[in-house]
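Below: one structure, written as structure tokens.
Please treat every number below as a calculation from the coordinates, not as lab data. Just so it is clear, the model here is predicted, and its values are computed rather than measured. Neighbour counts run over all protein chains shown; Cβ positions are idealised from the backbone, glycine included.
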Amino acid sequence: MARAQQKRKTSSASRVEVRRSRAGLGLFAVARFEKGAFVVEYSGRRIPTPRARTLATRYLFELNDRITLDGSARDNLGRYANHACRPNAASTIRRGRVEIRALRAIQPGDEITYDYGEEYFAAFLSGGRCRCDRCARKKTPC
Ligand SMILES: [Zn+2]
């Protein structure tokens with residue numbers, strides 16, 4: 001089924017959906033994803049990293065010291081994938097694009113999550129602010 005669809009945007013849009021999750025809005029699988037499969041792209045305007053570091057937005061994805069993606073646009077489905085300390089997906093940078101890929105098989109209905117990294121965690125999620133499944137179950141959060 002997915003093979004027939006060549007364009008990523010088209011296949012992403014029909015294979016994932018945005019709806020309520022524990023942490024506000026989240027990204028959920030509509031189709032099954034095999035381990036390693038492309039799930040969604042984190043897209044955005046390319047801005048200089050030094051300038052990005054002065055911006056007060058959570059929707060930044062630093063590619064390197066020079067370029068950061070400003071993913072705050074709502075058509076960036078990747079921005080809805082929440083952080084989890086034990087995620088089912090991971091971000092990889094390939095040819096200047098950020099791909100979110102399945103770390104293991106993801107079933108329809110599963111929330112798609114990835115690890116935002118230590119810097120983001122320290123700034124926004126430390127001290128009990130992480131609302132991922134794992135932290136929600138533990139008395140003492142990550
Ligand atoms: Zn957590």
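Per-structure values
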read-out	value
Distant-in-sequence amide H partners of N88 (H built 1.01 Å from N, under 5 Å)	T113
Long-range HN-HN contacts of A105 with modeled amide H, under 5 Å	K35
The chain: C-alpha gyration tensor shape, a/c 1.5 cut-off, then a/b vs b/c	oblate
Only Lys, Arg (+1) and Asp, Glu (-1) charged, at Cβ; segment 32-142 dipole about Cα centre in debye	140 debye
Which of S43, S72 has the fewest Cβ neighbours within 10 Å, and the rest in rising order	S72, S43
